[in-house]
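Trainee: Before anything else, here's the structure in question.
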Amino acid sequence: MRCDIISIFPEYLEPLNLSLPGQAQRKGLLEVAVHDLRDFAHDRHRTVDDTPYGGGAGMVMKPQPWWEALEHVRGLGEGTPTLIVPGPGGEVLTQKVARELADEPWMIFACGRYEGIDERVYEAAAEVMPVRVISLGDYVLNGGEVAVLAMIEAAARLLPGFMGNAESLVEESHEDGLLEYPVYTKPASWREREVPPVLLSGDHAKVAAWRHEQRLERTAARRPDLLHASAALAGTDVVPQA
Ligand SMILES: O[C@H]1NC=Nc2ccccc21
């Protein structure tokens, strides 16, 4: 998976060189290149924003620097990349979306700031490559860099060989519509709190059953919307008790 990221804060993406993403890059599973948008703004102040037509607060990112940056990056690789624009006005990042991103061989991430990027950039880009606007959720961030870190981590960790133990990908929250079960480690007794005895029983069937029950209880308590969604999909939605 190749990820090209365009941002006015390239240093924000340094964490991608740490830990697992860093190892994945060294293993050749993940290729990350960060590009400074200001390198494509040619006036003396390397201006990337201006006031919005129609008035309103804040500034809008100018189209020309973005177009030059996208064309430059597109010329760096083979084939057609998918342009991912993180932003509050997009589809929400879910595990399903993460799996779709994990299947993308080449993505360009456009990190917007200010009030956003001139709409004509999206239109011009959509004529030469697929464009997806993806949000982290219904809250406000100041820019796309944090979102890109989340999206790349969520997708790259699904790449075969990225996670040391692929087993750990199986019973994760959201992988199958349920939240994960509670986990415990030594000591068996801590501050007079005991590990659930079933986990010390050595009975794998009982442990599996207990863990599944815990996932159902935890999902019902914290994310009932997920239960209804999966039940609705299965056509077995429980009617809420009157
Ligand atoms: O405003 C934020 N809401 C959710 N996701 C985002 C992604 C990129 C930029 C900004 C946001």
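The values are calculated or read from the model by the stated rules, or taken from the named source; none is laboratory data. Keep in mind that what you see is a predicted model, and the values were worked out from it rather than measured. Quick reminder, even Gly has a Cβ in these numbers, built from the backbone with ideal geometry, and neighbours come from all protein chains shown.
Trainee: Just checking, which of 182, 160 is more than 16 Å from the ligand (Cβ to nearest atom), part of a loop (DSSP other than H, G, I, E, B) and modelled with pLDDT of 95 or more?
Mentor: 182
Trainee: Quick check: is even one residue across region 83-96 acidic (Asp, Glu) and within 16 Å of the ligand (Cβ to nearest atom)?
Mentor: Scanning region 83-96, I find at least one residue that is acidic (Asp, Glu) and within 16 Å of the ligand (Cβ to nearest atom), so the answer is yes.
Trainee: I've got another one for you. Restrict the check to region 82-91 and report whether at least one residue is more than 24 Å from residue 10 (Cβ to Cβ), among the hydroxyl-bearing types (Ser, Thr, Tyr) and within 20 Å of the chain's Cα centre (by Cα).
Mentor: Among the residues of region 82-91, not one is more than 24 Å from residue 10 (Cβ to Cβ), among the hydroxyl-bearing types (Ser, Thr, Tyr) and within 20 Å of the chain's Cα centre (by Cα), which makes the answer no.
One line per residue, one yes/no per condition, for (1) among the small types (Gly, Ala, Ser); (2) within 20 Å of residue 48 (Cα to Cα):
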| site | (1), (2) |
| --- | --- |
| 81 | no, no |
| 94 | no, no |
| 98 | yes, no |
| 103 | no, no |
| 106 | no, no |
| 115 | no, yes |
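Trainee: Considering only residues of region 134-149 that are touching a Phe, Trp or Tyr at 6+ places or on another chain (Cβ under 8 Å) and in a loop (DSSP other than H, G, I, E, B), which is nearest to the ligand (Cβ to nearest atom)?
Mentor: 144
Trainee: What about residue 55, is it under 24 Å from the mean Cα position of the chain (by Cα), more than 16 Å from the ligand (Cβ to nearest atom), more than 19 Å from residue 133 (Cα to Cα) and exposed (fewer than 13 other Cβ atoms within 10 Å of the Cβ)?
Mentor: So residue 55 fails the test.
Trainee: Wholly within region 1-119, which helices (runs of 4 or more DSSP H) include no fewer than the required count, namely at least 3 residues that are of a type in the set (A, V, I, L, M), modelled with pLDDT of 95 or more and in contact with a strand residue (DSSP E or B) (Cβ under 8 Å, 6 or more places away or on another chain)?
Mentor: In region 1-119, the matching helices (runs of 4 or more DSSP H) lie at 63-74.
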